[in-house]
Each structure stands twice: as C-alpha cells, then as structure tokens.
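Visitor: First, the structure itself, so that you have it in front of you.
The values are calculated or read from the model by the stated rules, or taken from the named source; none is laboratory data. A quick note: this is a predicted structure, and the numbers were derived from the prediction, not measured. A quick note on method: Cβ atoms are made from the backbone with ideal geometry, for glycine too, and the neighbour counts reach across all protein chains shown. With ligands, DNA and RNA removed, areas are computed over all heavy atoms of the protein, side chains included. Shrake-Rupley method; radii C 1.70, N 1.55, O 1.52, S 1.80 Å.
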Amino acid sequence: MLLKDSFTINAPLDAVWAFLSDVPQVAACVPGASGIQQIGEEVYQGKFEVRVGPIGTSFDGKVTFTERIEREKLVALIEGQDKNSATIVGATFTGMLVSLEGKTRLDYEVDVALRGRLAQFGVAVVKATAKKLTGQFAKCLEAKLTQSV
Amino acid sequence: MIGTSIPMLDSVDRVKGSVPFAVNLTLPEMLYAKVLRSPYPHAHILSVETSAAVDVPGVVAVFSAADAEQGVLPGLFYGLKMKDQPVVARDRVRYVGEPVALIAAETLEAAEEALNQIVVEYQELPAVYDVLEAGEASAPALHDDYPDNCFVHAKLRHGDLEAGFAQADLIVEETFTSPIAQQTSLEPHVAAAQWQDDHLTVWAGTQAPYPVRAALAELFQIPPENVRVIVPPLGGGYGGKGHIRIEPMVAALARKTNGRPVKLVLTRAEEFVTVTKHAALITIKSGMKRDGTFTARQVTLHWNAGAYADASPMLVPAGMVRSLGPYRIPVAHVDAYGIYTNLPPAAAYRGAMSSQTTWAYESHMDTLAHRLGIDPLELRKQTILHSGDEFATGEILHDVHFEECLDAVATGLKKQISSEHADADYLKRGCGVAVMMKSTLATSRSECRLVMDDQGHVTVYTSTVEMGQGAHTAMAQVAAEAVGVSVDMIRIVGPDTDQTPFDSTTSASRSSNMMSGAIASGGGEMKRKLRALASPLLEHDADDLVAEGGGVYAPSESAERVMYTEILQKNGLESIDAEGMFATKGGIDPETGQGLSTPHWHQGAGACEIEVDTETGKVTILHYAAASFAGRVINPRLAELQNDGNVVFGLGPALLEEMIVDHGQVVNANLSDYMIPSFLDIPLDMESILIESGEREIHGIGEMTLPPVAPAIANAIYDAVGVRITSLPITAEKVLRALMEKSEG
C-alpha cells in the first residue's frame, strides 16, 4: 500500500530540517510513540500505540535511517510487530522538503507492507488512520517550530 | 415428476432456518480448531515453537509439521494431480495465510489464545505475484522442480496457423484480464474429523465426498474403506468446495486428540486465503475474411494458480478447450499456462475457467464485428457452431443449440425494452449480447442405489451433494419417473460414503445429467425386478409386462394391475433394491488438444440493455435476458432460478469483485470491502429462458448463464458510449477513465 501525501509547515526549511534530524523531538510529535531509544548510529527502537478501526494495537518496532540528503531528503525503514493483533508491518518512508517562500512543504511517500489481522480491515481504514496521524504530527511539528521561533 | 415445478424437498426447512448445515454441526466431546497462518508471502521457516501453546488452559492438541515427522501423518503433502501442498508448512511458506500450525481446544477462545503463544521464526524471501514476472529469470521459484514457475502447459493444435492468418483480410489481437476473486459461498469451509483406531470419519462441507475420501486414505495411508465422509447440506459451493481443501488439516489434528472429534470453521478472512478464482491474462488473435468467416484464431492464456497446483493441472487444460468460443474456426492454436505465484491457491469457480475465457472471446467478438462493419449478433449467428460441425478438438458436435440460445435472448431482450429513452443527456443506453460453450468432465461416473420397501417408498442413496441448487429435489423427480411412483414416495439419502455409492463430484454442472442417468438406469433395473416378481402373479411373461403408476400390468389386458406394494408383500419381501450407474469416458491429447473433451457441451447466452452515466461512469443494468440449453427440463421453477441466480452471481465479477493484494496480503478480505451483488444490483427486468431439444437428454444448467454476463455488459457499454473495457471488474472508475481518454482523442 502506497501512502502519498504532503503538508506545508509555516516555518523555514532550515528549521524544519533541524527538527526532523532530532529523532527524540520527532518522536514526541508522533501520536502514540513512546520509549524511543537509540540503539545504533542510525537505528532507533520504541513502542507505537494506535487504534485502527475497532482494534487497539501496540507495535514494538525499529526505525533505521538509510538515506539523508541535507535539507532535502530523508529515507527510513520501519519495522514493527504487534503480538496481540498478530500484525507485522514493514515500511519505507521517503520524505522530501521543498522551500516555499518562508514555508516548507513536506512531500512524503510510505510504501507499507502490512500483514496479519490488522491488514484484513481493508485499505480504507488504514489509510484514514494514517491520514489522521499525519495531520496530528504536522500540527504538532508546526506548533513546536512556531513556539521556538 | 419430470417437467413439473414442485417446491424443493427441504423448502420448509430453508424458510424456517432448520437445514442442518455443516457449519451448525455439533458432536459429543467436540473440540474447536484454529489455524496459525503465515504473515509472509514467501519465507523460510527457521523454527516453530509450540510448547507455550500446549500449556494454555483448554488446549488439547497442537499440530505442526514436526508431528508429521513423528509419524502422526505418514506423508505431509497432498494434491489432486501434483502432491505439492503440505498439510501445514514445514520449512517454507509460499503465501500470506498458509497454515503453519493447528490448535484443538475445548473452546474457540482457548484455541485463539494458544495461537498467540506459538512462536515462528521466519526469514523472508523475495515474492512474485504476477504471472509474467513469475516467468522471468530473476523471479523466485516457488517449487524447485519448476524453475520458471510454470507447472502446466496445455496445447491445442488444429491446422496451420500461419496459413490461416495468411488468408485473413483482417487480423485483430486483444488482451483481456480477469482478477483473482472469491467463490463466496455464504457458508464458509467447514470440516470435522474423528479417529477411532485407524478409522477416520469426516463431516465435510465438500462438493466431492469420494475424491475427499480417496485423498484422505492416501494421505494417511489407510484403506479407503477406513475413511467415512459424511456431507451435510452445503450453504453454497460454487467450485470453492470442489476438491480436497481443509479436510487434511482437521484430520491430522484429530489424530492427536485421543479420539475426540475436532471441528474447523473458517472465518471469512480465512476464506479469502483458502481458495480463489484464477486470475487470467488472455490474449486472443483472430483472422477474419471480409464477409465475417474465420480463417484462424490463436489464444494464449496465463492462469495465476497461486502457490500450489490444487485443481489447476486439470482446470488449465479444460480452460484451454473452453477458450475458443462456439464458432466455426478452421484453424486454432491455444497455449494455456498454469503459473505458480505467492498468492493463495486458485481452483474452480462457477463456470470454471469459462467465466474468464468467455469474457475474452465474447468481448473480442464484438470488436471483430465492429471492425468488419457487421452487426455483432449477425456475426455470431453466421459463424456459430451447429450439430454436425467439427470443433477445434476434432470432435463432432451433437445436440448443440447455440443459435437458439442467441435468438432466445435477443427476442427476450426485445420484449423487455420499451421505446422510452434515457431520462437525461448524460445517460447513454446500449445493448450487448454474449454466448458461451463449456465442456463438462470428459471421464466421470455416477452410481446410485434404489431401495423400495413394502409400503412402496423408494429411498435413493446418492452421493450428489445438495448445496442449495435443488439437486436432491431434481433427483427425486427423476427417480419418481424412473421407478414409476409419485414423487412423495421418494426419499433421498446422502452423501455418506459408508451408505451412498460412488460419484465423481457435484460440479461442472454434471449431476443433472450423470446422476439422473444413474437413477434412470437404477429405476429401469428396479422395474425389471418388479416385472419379474409380478410375472407369476399376473401369469404373464415378465417381458410382456409394463411397470408404471405404482403398479405392474399387461397392456393386453388393461383391467388387471398389481401394485408394487402388493408385489413385495405377496413375494414375502421387505424390500427390493437396484443399482444404477452412468459413466462417460473421454480425454484429449496433452500435446495437441485433439480428442473427446466432453460428452456434451454446456450452452448459454445472455443479452442486456444497460445505461451508462457519463458523468460518473456508473453502469446500471436495465434489462437482462438469459438462456441456457437444458435438453429436458426436470423442474422449470428451479431451472429458472439457476438461470437467474447465475446472472445475479455474474454481476459480481462483471462490475464489483476483485481481491486486492498488497505485498501478498489480501487487504479486502471481508464482505464490506469486497463487494458482492446485493438485491439493489439486480436488473429491473430479468427473463430466464430454458431451451429443450428433441433428443430429450437432461443437461446441467448450473453455470451456463454466468459467463456471458460480463462480456454482454462490456459489449453494451461499447454500444452505448463507444469505449471498450478489457479488464474486470468494470468499475465506474474504469468506464469514466475510458470516456475521458476517448474525449481527449
């Protein structure tokens, strides 16, 4: 499943890039994320709780940053497992930053392989959840950046 | 009797909801089974750790491939022709949803809890889902014996293809696709199993009791007589229950429960990963003369079989002869490939393979007609096959009535269509027609046993499966006529392999023909016995006597008649019995496709008027006429319902149904995201036409009006708005996109 979207943050590109490079800060904006720890140079592990439709899930997962192009592009591999819903997720996140007269647009693409019970709920539910979470993340990101300016 | 519309024997039970479906079966001391399934489309299994699952309270047995090695199962693999499918995966999984371990527990909750306690370590492998990609050198091989993933290649060679195309004034090549889809029987797959020493009893929702018995006997290496298969009424089958499927898992698990029975009922999500309709990629190329005669046709079919061969080694060659259409084509070459991919296994789907091939050859037929400037119905009629014509397999056709089917639907549609026009400019109307020809099993056998008691009741022991199609009602009508009693004197028993004789399968629309033939022969035998027993009573030679109307008499002396009951009583007999059998034999050469592919051809047609909303792409079926060739109708009402049911069923693959697979995972494995037709989708007007012939041979009609639905609609869309849709389902999105592309020129 390919999730593709973009959102614009009312902050300059440099500030957004600096924020995105600080993983604990990013994690603080991800709804449901907790216990983020760095376990390798570009590898982080943690917990991610989310409700998808009627199911509450708790993924134990790992994020590995595989590509960083300064102020431009970020690629990360995400792997996670939720034992209760017998679901495994594997995803490749690609984010691109575009400067727009003092604002910054983040275009992202996530190629998600969701397998197990959660996947059976259908793409529509999963996509709607992803959209909601992204919206919350963007809001949080903007709030933090505008506070700090 | 034959020809009357009696209600189904169990109609009251159906209305009351008291039909004893397998899904409702309970047995004393019964345990509940659950299946642990692979989350990966392709992976090595590094380890399976089940010890924590065994400790879950209520768990009685856990089964994994390790048990097979310890002798619970002598062999792990089964399959119809190719034994490539493990009961549970051992060292490798090949699709998301493949069984890896089984639990039997006192409750479903305990079984589910135990599933979560099994730890399986996988190492993911590259996977392939597309039939063409599966053939590339870079693609992973699913089975070591088939490096290019092609495990069956059926060929038909009839005439010189190059010379045929050289004679053509027009050559047209098109490609059509049909996605993987679901048989969607309302009742899911169900099986229960119980062992007593080396005797196995299985209660199974299957269309094929005897093949299931044979397969289980082979798998467990016990004599077939030690396996008893009992089949309760099915809540639908549609081919999805046509072959051995979940029974080996349940029987293997039951081996570890100390004689307690185990029952497995699949969830709807599990249904989606248990059996599918083959996805098909069909390229069809035709050479035509300007006057509309064929010079040659070449068809290439790629069937996506999923991870295991299942029924494909039989269905791919069958689909080959079902891919040409009922036309006079002097030169024909067909190549049909069965390809492994990392998807759930595919098998028969109502109108097996014809549902996909008719979509291709009948859509293509309209393209040819438009390119030649000939009316599509006329082009069909001028090239249609008639009795006495030779088909591309070399067989001479008999009792074929394709033209009558076409005429009937064309007339039927005309009657429905009024002169009124669409309500608005953006609504465009059009008409389309399609015809189909389908083979049945070339070699198969049906047997039955009839027992008459001294009260004149006749019990018919038959392994024909009642799955809502009304087979047992039809068999009762045939038996009543064959024995010469009223239908209320007939009782149907079966299937139960300890009681009811052999039958190949209830599929391929064969029962009305084959089991009727067996019952007719059994009835004849019973009448012969009755005449012989009546001979001394009537003081006439048995050969001079007639048995009918519940009695035996000598036609020369009309007055005296001795009733069947009296014959038994006077001879001091509690009952008499008779056996009946009907068998066919045929087959085609695997290298050339020449031979006898079927004892007779299934024939059907459909015509419709549709309306396209050009602003949204939505297609509405306004009128539909469907015809099938029945030879001789047993029960007109039930036969009409088969025709209607097929049309409604066919609207699903035509307009709605497609399993969506993402990285090997089916993501619409439920009936809210995977849409099947509802009452609101049924056309406003529907007409069902049954065609009989002078030969009076009873033909099956379980599938004939389904395959024409999709191409008839596609042809009507072309007629309405001039766009040709080549991939199923015909969604509003596809129609709208095609309209936009057309207007952009």
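Visitor: Can you list residues whose amide H is under 5 Å from B:THR206's amide H, if they're 5+ apart or on another chain and H is modeled 1.01 Å from N?
Guide: none
Visitor: Just from its helices, what would the mean residue ellipticity at 222 nm be for chain B, if runs of 4 or more DSSP H residues each count -39500 (n - 2.57) and the sum is divided by every residue, rounded to the nearest 500 deg cm²/dmol?
Guide: It comes out at -8000 deg cm²/dmol, rounded to the nearest 500.
Visitor: Could you let me know the centre-to-centre spacing of the stretch B:1-75 and the stretch B:226-274, using Cα atoms, in angstrom?
Guide: Using only Cα atoms, the two centres lie 5 Å from each other.
Visitor: Which of the residues in the stretch B:664-689 lose at least 10 Å² of accessible area when you go from the chain alone to all protein chains together (probe 1.4 Å)?
Guide: Hits at the 10 Å² cut-off: B:GLN665, B:VAL667, B:ALA669, B:ASN670, B:ASP673.
Visitor: Right, another one. Applying a 10 Å radius around every beta-carbon, put B:634-644, B:206-216, B:507-517 in order of their mean neighbour count, most first.
Guide: For the peptides B:634-644, B:206-216, B:507-517, the packing ranking is B:507-517, B:206-216, B:634-644.
Visitor: Past 30 Å, Cα to Cα: identify those pairs from A:LYS131/B:LYS241; B:LYS415/B:LYS438; B:LYS16/B:LYS527, in the order given.
Guide: A:LYS131/B:LYS241; B:LYS16/B:LYS527
Visitor: Round to the nearest 0.05 the FRET efficiency obtained for B:LYS585 and B:ILE396 when R0 = 22 Å and r is the Cβ-Cβ distance.
Guide: Plugging the Cβ-Cβ distance into 1/(1 + (r/R0)^6) gives 0.85.
Visitor: At each listed q (0.09, 0.10, 0.13, 0.19 Å⁻¹), what is the log10 of I(q)/I(0) that the Debye formula gives for the stretch B:394-548 modelled as equal alpha-carbon point scatterers?
Guide: Summing over Cα pairs of the stretch B:394-548 leads to -0.49, -0.57, -0.78, -1.12.
Visitor: Residue by residue through A:104-116, how many Cβ atoms from other chains fall within 10 Å of the Cβ on average?
Guide: Mean shielding count: 3.
Visitor: Percent of accessible area on chain B owned by carbon and sulfur, 1.4 Å probe?
Guide: Using a 1.4 Å probe with all protein chains present, chain B comes out at 51 percent carbon and sulfur.
Visitor: Rounded if a/c is under 1.5, else prolate if a/b beats b/c, else oblate: with a ≥ b ≥ c from the C-alpha gyration tensor eigenvalues square-rooted, which is the protein assembly as shown?
Guide: It comes out oblate by the Cα gyration axes.
Visitor: Given the rule -39500 (n - 2.57) for each run of at least 4 DSSP H residues, summed and divided by the residues of chain A, what is its mean residue ellipticity at 222 nm, to the nearest 500 deg cm²/dmol?
Guide: Per the formula, -9000 deg cm²/dmol.
Visitor: Zone of B:GLN196 (label point 7 Å along Cα→Cβ, backbone N under 18 Å): which residues in the stretch B:489-514?
Guide: Residues passing the 18 Å test: B:496-500.
Visitor: Next question, about the same structure. What number comes out for accessible area per residue over the stretch B:316-390 if the probe is 1.4 Å? Units Å², please.
Guide: Solvent-accessible surface per residue comes out at 21 Å².
Visitor: Give the carbon-plus-sulfur fraction of the accessible surface of the stretch A:2-141 in %, rounded to a whole number; probe 1.4 Å, heavy atoms of protein chains only.
Guide: 54 percent
Visitor: How far apart, in nm, are the 7 Å Cα→Cβ label points at B:THR620 and B:ALA66?
Guide: Distance between label points: 6.2 nm.
Visitor: Any idea how far apart A:LEU133 and B:GLN455 come out in nm if each label point goes 7 Å out from Cα toward Cβ?
Guide: 6.8 nm
Visitor: I'd like the FRET efficiency for B:GLU574 and B:THR4, computed as 1/(1 + (r/R0)^6) with the beta carbon distance as r and R0 of 25 Å, rounded to 0.05.
Guide: After rounding to 0.05, the efficiency reads 0.20.
Visitor: Rounded to the nearest 100 Å², what is the buried accessible area between A and B, both sides summed, probe 1.4 Å?
Guide: By this definition, chains A and B bury close to 1300 Å².
Visitor: Hey, how many Å between the Cα centroid of the stretch A:76-116 and the Cα centroid of the stretch B:577-616?
Guide: About 49 Å separates the Cα centre of the stretch A:76-116 from the one of the stretch B:577-616.
Visitor: Over chain B, what is the relative contact order in whole percent, taking alpha-carbon pairs under 8 Å and six or more residues apart?
Guide: Computed over chain B, the figure is 15 percent.
Visitor: How high is the relative contact order of the stretch B:510-557, in percent, counting Cα pairs under 8 Å that sit 6 or more residues apart?
Guide: Normalised by residue count, the contact order of the stretch B:510-557 is 25 percent.
Visitor: Using square roots of five times the C-alpha gyration tensor eigenvalues, list the equivalent-ellipsoid semi-axes of chain B in whole Å, biggest first.
Guide: 41, 38, 23
Visitor: Tally Lys and Arg at +1 and Asp and Glu at -1 over the other residues with C-beta under 15 Å from the C-beta of B:ASN116: what net charge comes out?
Guide: Around B:ASN116, the surrounding residues sum to -3.
Visitor: Over the stretch B:444-584, what is the relative contact order in percent, taking alpha-carbon pairs closer than 8 angstrom and at least six residues apart?
Guide: 35 percent
Visitor: What does the net charge come to around B:ASP423 if you take all other residues with beta carbon closer than 11 Å to its beta carbon, with K and R at +1 and D and E at -1?
Guide: Taking every Cβ under 11 Å from that of B:ASP423, the sum is -3.
Visitor: Right, here's the next one. Could you rank B:LEU680, B:LEU372, B:LEU266, B:LEU186 by how accessible they are, 1.4 Å probe, largest area first?
Guide: Result of the area sort, largest leading: B:LEU680, B:LEU186, B:LEU372, B:LEU266.
Visitor: Between B:LEU108 and A:PHE7, what is the label-to-label distance in nm when each label sits 7 Å out along the Cα-to-Cβ direction?
Guide: 3.9 nm
Visitor: Something else: What accessible area per residue, rounded to a whole number of Å², is obtained for the stretch B:586-745 using a probe radius of 1.4 Å?
Guide: 36 Å²
Visitor: Moving on to the next point. Once you sort the root eigenvalues of the Cα gyration tensor of the stretch A:2-141 as a ≥ b ≥ c, which label holds: rounded (a/c under 1.5), prolate (a/b larger than b/c) or oblate (the other case)?
Guide: Verdict is prolate for the stretch A:2-141.
Visitor: Treat every Asp and Glu Cβ in the protein assembly as shown as -1 and every Lys and Arg Cβ as +1, leave all other atoms uncharged, and give the resulting dipole magnitude about the Cα centre to the nearest 20 debye.
Guide: Charge dipole, the protein assembly as shown, about its Cα centre: 1080 debye, nearest 20.
Visitor: Which helices, counted as full DSSP H runs in chain B, have an axial Cα extent of no less than 15 Å and a Kyte-Doolittle average of 1.0 or above?
Guide: Qualifying helices: B:709-721.
Visitor: For a quick protection proxy, order the peptides A:77-85, B:275-283, B:250-258 by their average other-Cβ count within 10 Å, most packed first.
Guide: Put in order of decreasing packing, that is B:275-283, B:250-258, A:77-85.
Visitor: Further, regarding this structure: Post the alpha-carbon centroid distance, the stretch B:440-494 to the stretch A:54-68, in whole angstrom.
Guide: For the stretch B:440-494 versus the stretch A:54-68, the Cα centre distance is 61 Å.
Visitor: I'd like the FRET efficiency for B:PHE77 and B:LEU132, computed as 1/(1 + (r/R0)^6) with the beta carbon distance as r and R0 of 25 Å, rounded to 0.05.
Guide: For B:PHE77 and B:LEU132, the calculated efficiency is 0.35.
Visitor: Rolling a 1.4 Å sphere over the protein heavy atoms, what is the accessible area per residue of the stretch B:175-274, to the nearest Å²?
Guide: Ligands and nucleic acids excluded, the result is 28 Å² per residue.
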